[in-house]
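The values are calculated or read from the model by the stated rules, or taken from the named source; none is laboratory data. Fair warning: this is a prediction, and the values are worked out from it, not measured in the lab. Reconstructed Cβ throughout: ideal geometry from the backbone, glycine too, with neighbour counts over all protein chains shown. In case anyone asks, the SASA skips ligands and DNA or RNA and just uses the protein heavy atoms, side chains included. Shrake-Rupley method; radii C 1.70, N 1.55, O 1.52, S 1.80 Å.
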Amino acid sequence: MRYGYFDDEHREYVITRPDTPLPWLNYLGTDAYVGIISNTAGGYSCYRDARLRRLTRYRYNGVPTDSGGRYLYLRDNRSGEYWSPSWQPTRCDLDSYECRHGLSYTRISSARLGVRAETLYFVPPGETLEVWRLRVRNERGGPADLSVFSSVEFCLWDAQDDATNFQRNYSTGEVEVDGGVIYHKTEYRERRDHFAYFACSEPLAGFDTQREEFLGAYRGWDRPLAVERGESANSVAHGWAPHGSHHVRFLLAPGETKEVIFLLGYWENPREAKFDPPGSQILNKALVRPVIDRWLRPETVAEGFRQLRESWSSRLSVLQVGTPDQDTNRMVNIWNPYQCMVTFAMSRSVSLFESGISRGIGFRDSCQDLLGFVQLAPGRARARILDLAATQLASGGAYHQYQPLTKTGNDAIGSGFNDDPLWLVLGVAAYLKETGDEAILDEPVPYADAADVRPPLQEHLERSLRYTLDRLGPHQLPLIGRADWNDCLNLNCFSAEPGQSFQTTENVAGDTAESVFIGGLFVLAAREYAPIAERRGQAAEAGYYRAEAEKMAGVIAEHGWDGAWFRRAYDHSGRPVGSAADDEGQIFIEPQGICVMSGVGIDDGMAVRALDSVRERLATGHGIVLLQPAYTRYHLELGEISSYPPGYKENGSVFCHTNPWVMIAEAMAGRGDAAFGYYQRINPSAREEISDVHRCEPYVYAQMIAGRDAPAQGEAKNSWLTGTAAWNLVAITQWILGIRAELDGLRVDPVLPAAWPGFTATRRFRGATYQISVRNPGTRITHLEVDGRRIEGTLVPLAPPGATVHVTAGGQGQG
Ligand code: GLC
Ligand code: GLC
């Protein structure tokens, strides 16, 4: 069953009923000012940091679900009837309803009682504000006397404190109302130089800024007293819960449309110009007011929206493909890069499942996000790489997370996840391949615990690799530390205390538990690093890391192979994890994917054997599960992984992030049908028709789909912010379609499903445009035609900027 449809031409997903199984989200803004918005206008906004600079409130885990948002109420002043044009929060029946989630904007339209309303929500590029453009049209035979009430609930900036510290917060809230604009200025008197504003383009019939005055005592957003009464209280908040509501009244003739613009924004004043007049406690509005006035004009809004759409068209033009599969086309051309951009921007902070409080920017998460993002905005990728590297420690280890506002490492989590630093090598390699910007390797970047030394970025990469080599265990495999990619495989945490953190508790010595996964990741990273060092004239260094990769590959073959698949790890007592000798958790997906990707076992048949085991034991109709059999009881020696009920999260769900590793591995093994088959199983667009089972948004990947051991098999959770976005884009575009940026050119090496006749693609790469046309030869491509000339192999040499290059593969005359 579906709840809407894809409108590929407009790059929108159109939701046709408000009661989707879960709130289906979109994101406004991908830079400093960002927010989430659901299909019924729920959500919140923040500036740079969802924990430290939260503008508005949202009630996670509230009932009814998705409570708190960018609400508008329409009221018929004759009858007194009122409703929400976005359905929530009044949930009155609507005669029509449609939500169009587009790229960084959402448009919700509905009709009731002969009144049509359409609200467009977006953040104009480069601004720290969001626009709500409401259009109300009278479709009745006679005139309509209408009111509009707006409503946002301000957060007192620090979202964690806001949700817990009531003894203080009920007494700190402050606002000003001036010239129709509501300014939320809690703590501005003291150490904050920033405030929020909520403005409206129309003369006001009234306003409210004290939540309970607007709602009335013991009432919710569904029945605000001010709206019921048709009159605001003109309240000015002092303490309690600062809120913003405008009341606009107008009469519409039959067929007439009224446009009302609301702005919700964030502003920082220079510290020395905080107050006006100086010495007073009155907010200086002189700097923000021109911005407000400009954006309250319909022409500015229209132009801002045009620019937003154009910025997406240009970003997406980096790669456009035409394949025989519609689900592939729309994910590759529209939604998957969009999700990559959002995921890059938000890391794992703001979604329906991430509260914005507990996690900032994840080190391994962001390094992997880069893999799917780097081609979309290389400048931002560069800046992120340098930020990430600056949270690395002199040991080569890294802070697991950092706060986006302060860019400092999170001490509560600390470091010691031994895979973390290796991902930096992969992220930087992807950036170099895309841009050729080798100068980044010379950028001086401090270590988080040694700010006075600022070695070049390249040294950070080297330390990342050495970090692994400095920490080898009894089998010469890498020590796992707190966890590797799998946060829940906590082999040094023997926790019997409820509530103890599995990730930060280390109560046994960490000198035995080893990770085969990190071994594979090391081989991959070292093999990425060697050619980079070589280009810098460091042949000895390149040779060293090639040799170490070779050595590690040998260790994996010797101690990481279980007979039919790669083992996962060795636990604290030296027992293999992920072995046929166990009764649960015999086989894990991660090492099968990563070891084959790194080239281990390709020549001696282990790779193909491991992939066959994946197909036999882990593949399901809903995707490849993380492990089998799922753990049915708690294993003290394994940590969080066995804390989840079977089939969920790391305990045997389809943890979608890992599936593309197997797709890539299958493509490397030349098996296009297998690779693409796995791709299709978790492609959200291909799952659209089972939306009632899948339940999450059909236009973006979710972190997990409940596995075969769970009662709700097939149900997705944790949508939007997941490494799944980047890895799937990499798998389909770089390995199945085979178009990959390399240091010396563009690789065109597709491994297609047998049924495909071929495909076409346009790729912008280092200033040139490559028109690619592939006819499926049914085998590996051995040569290309580049502008009519035959080239042996599959690497298209770099063309000069501005050039258009025609590449054909698999034979002539295709298209
Ligand atoms: C989550 C984390 C990621 C981790 C994965 C597996 O997605 O964000 O860092 O690798 O879970 O545990
Ligand atoms: C839990 C989750 C895992 C996530 C981690 C983040 O362990 O299962 O997916 O990465 O929390 O701290």
Amide H contacts under 5 Å for Gly206, placed H, 5+ residues apart = His247
Which percentage, to the nearest 5, of the DSSP beta bridges contained in the chain is antiparallel?
-> 95 percent
Per-peptide average of other Cβ atoms within 10 Å, ordering 156-166, 393-403 highest first = 393-403, 156-166
How many percent of Cα pairs in the chain exceed 37 Å?
-> 45 percent
If one puts a single equal scatterer on every Cα of the stretch 229-358 and applies the Debye formula without solvent, what log₁₀ I(q)/I(0) results at q = 0.14, 0.19, 0.21 Å⁻¹?
-> -1.12, -1.25, -1.27
Alpha carbon centroid spacing (whole Å) that separates the stretch 763-789 from the stretch 262-317 = 46 Å
Please compute P(r) over all alpha-carbon pairs of the stretch 295-361, binned at 5 Å starting from zero, and give each bin as a whole-number percent.
-> 4, 14, 15, 15, 14, 18, 14, 5, 1, 0
Could I have the simple spin-label model distance between Tyr5 and Tyr60, label points 7 Å from Cα toward Cβ, reported in nm to one decimal?
-> 3.7 nm
Taking the Cα centre of each part, how many Å lie between the stretch 32-55 and the stretch 154-172?
-> 17 Å
Within the chain, helix-based [θ] at 222 nm, where runs of 4 or more DSSP H residues each add -39,500 (n - 2.57), nearest 500 = -7500 deg cm²/dmol
Placing each pseudo-label 7 Å from Cα in the direction of the beta carbon, Arg17 and Ile690 end up separated by a distance in nanometres of 2.0 nm
Cβ-based charge dipole, the chain, positive-most Cα from Pro404, Thr257, Gly802 | Thr257
Residue by residue, what Karplus-based ³J(HN,Hα) values in Hz, rounded to whole numbers, does the stretch 175-187 have, using 6.51, -1.76 and 1.60 with θ = phi - 60° and x for Gly and Pro?
-> 9, 10, 10, 8, x, x, 9, 9, 10, 9, 10, 4, 6
Kirkwood Rh over alpha-carbon pairs of the stretch 337-381 plugged into Stokes-Einstein at 10 °C, 1.306 mPa s gives a D in µm²/s of 149 µm²/s
Among Ile791, Gln771, Gly745, whose Cα lies farthest out toward the positive end of the dipole of the stretch 729-805, if unit charges sit on the beta carbon of Lys, Arg (+1) and Asp, Glu (-1)?
-> Gln771
Run the dipole for the chain about the Cα centre, Lys and Arg Cβ at +1, Asp and Glu Cβ at -1, nothing else charged, and hand back the magnitude in debye, nearest 20.
-> 1460 debye
Could you compute the FRET efficiency for Thr762 and Glu550, with r as their C-beta to C-beta distance and R0 at 30 Å, rounded to 0.05?
-> 0.20
Mind checking the stretch 573-648 for trypsin sites (Lys or Arg not before Pro) that DSSP puts in a loop (not H, G, I, E or B) and that have at most 11 other Cβ atoms within 10 Å?
-> Arg633
For the chain, what % of the accessible area comes from carbon and sulfur atoms, probe 1.4 Å?
-> 49 percent
Amide hydrogen neighbours beyond the local backbone of Tyr570, cut-off 5 Å, H modeled | Glu514, Ser515, Val516, Val577
Between the alpha-carbon centers of the stretch 79-150 and the stretch 579-601, tell me the distance in whole angstrom.
-> 52 Å
Rounded to the nearest 0.05, FRET efficiency between Asp178 and Ala439 (Cβ-Cβ, R0 41 Å) equals 0.25
Listed here are the pairs Lys185/Lys274; Lys185/Lys258; Lys649/Lys717; which of them are more than 20 Å apart at the Cα?
-> Lys185/Lys258
When the dipole is taken about the Cα centre of the stretch 300-451, and only Lys, Arg (+1) and Asp, Glu (-1) are charged at their Cβ, what size is it in debye, to the nearest 20?
-> 400 debye
Once phi is turned into ³J(HN,Hα) by the Karplus curve 6.51 cos²θ - 1.76 cosθ + 1.60 with θ = phi - 60°, what whole-Hz value does each residue of the stretch 264-281 show in order, with x for glycine and proline?
-> 10, x, 10, 9, 10, 9, x, 4, 7, 10, 6, 10, 9, x, x, x, 7, 10
The chain - accessible surface per residue (Å², probe 1.4 Å) | 34 Å²
Under 20 Å from the Ser311 label point (7 Å along Cα→beta-carbon), backbone N, the stretch 362-377 = 370, 372-377
Projected onto the charge dipole of the chain (+1 at Lys/Arg Cβ, -1 at Asp/Glu Cβ, origin at the Cα centre), which of Tyr338, Ser495, Ala513 gives the Cα projection farthest towards the positive end?
-> Tyr338
